[in-house]
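Heads up: the structure comes next, in structure tokens.
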Amino acid sequence: MTLARQRSQNLRPSELLIPTPAGLYCPLAEIHIDPVRPVARALITHGHSDHARAGHGAVLATRETLAIMALRYGEGFAGERQEAVPGSVTRIGAVDFRFVPAGHVLGSAQIVVEARGLRIVVSGDYKRERDPTCAGFEPVPCDIFITEATFGLPVFRHPPAHLEVAKLLESVRLFPERSHIVGAYSLGKAQRVMALIREAGFERPLYIHGAMETLTEFYLSEGARLGEIRKVAATDRKSLGGEIVICPPSAIQDLWARKFPDPVTAFASGWMRIRARARQRGVELPLIISDHADWDDLQATIREVEAGEIWVTHGEADALVHWCGTVGLKAKPLHLVGYGDEGEAEPVEADNAVTG
Ligand SMILES: [Zn+2]
Ligand SMILES: [Zn+2]
């Protein structure tokens, strides 16, 4: 571990950011980051529903995140909206805010908060593995790094996603009569899985559940290379033997899924590392594909940003805080409530943020 950056002597961290019941609050700029209840002014890291909520007076977020919020909540999701251009600084009061890619889903950003030489990075949700559907995580050296810990336990080590997709395609090859029903969250995971399937050379149409149509169209309009996508509703499910169908995780156990020919059920999630979780859900083909950093990548990232202090927002905070202590880093859990990624935190959570 290299030396932490020289920290400003004249500003205390709590003057720049403090945890409140509504979320992280910056008193100097009077803004909240990813607030879980309506506030006057919100800065939002990404479009998952636990971070991006409707009803704020004003929202500052990337263009893609603003678009995703409008798709999910309607154009009136906030009183005002302001676009944060990645890399450029927005000054509010005496504080500089900069959005930097987080590699989590399309439009996802870390927010760099800086005043009088003190720099705090709010990473939101992030991953380090390459994702063809969004810009990669950029580490920013800082004094305090605020991280999630969704998969902050040594058991969570995600294999390369392309190897998991290869398992899916091998199953499709072995069982050409059966439909493959892949549960994946509607924002990010579903489109990432589709893009990885294309990268692996699978060229037949991919079928999607109606609930992911809007977001998938948005990804396509943003240039994601997903190939030919067809909506299941418009086709006869009985005729889709041998095809790949992507649906919300909640649908894999529905009657909806049983109408396909002898379906193989798969689920793309970091939780699939835990065999019992796959069994509980009746998942025949677990695919360990996550949009969150695994245990190794949480540690690698913490080392890379060279922060002297780590604050942990949600997930396995105690384990990660403990690890920080073992390598001589000051760390604390923030006990923020309301986060548990729509995208991944709870494997049994219904994907109800998108209607239909
Ligand atoms: Zn998320
Ligand atoms: Zn989250």
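Just so it is clear, none of the values below were taken in a lab; they were calculated from the coordinates. For clarity, every value in this text was computed on a predicted model and none was experimentally measured. FYI the Cβ positions are ideal-geometry reconstructions off the backbone, even for glycines, and counts take in every protein chain you see.
One table, with the values for the structure above:
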item	result
Gyration tensor (alpha-carbon) shape descriptor, the range 1-160, a/c threshold 1.5	oblate
Overall form of the range 200-252 per C-alpha gyration tensor (a/c, 1.5; a/b vs b/c)	oblate
Order by protection proxy (mean Cβ within 10 Å, highest first), peptides 225-231, 185-191, 313-319	185-191, 313-319, 225-231
Fraction of antiparallel bridges per DSSP, the chain only, in percent to nearest 5	35
Nearest-ten-degree value, helix 295-305 long axis tilted from longest Cα axis of the chain	30
Tensor-based shape of the range 64-136 (alpha-carbon gyration tensor, a/c under 1.5 rounded, otherwise prolate or oblate)	oblate
Over the chain: helical MRE at 222 nm, DSSP H runs n ≥ 4 each giving -39500 (n - 2.57), nearest 500	-6500 deg cm²/dmol
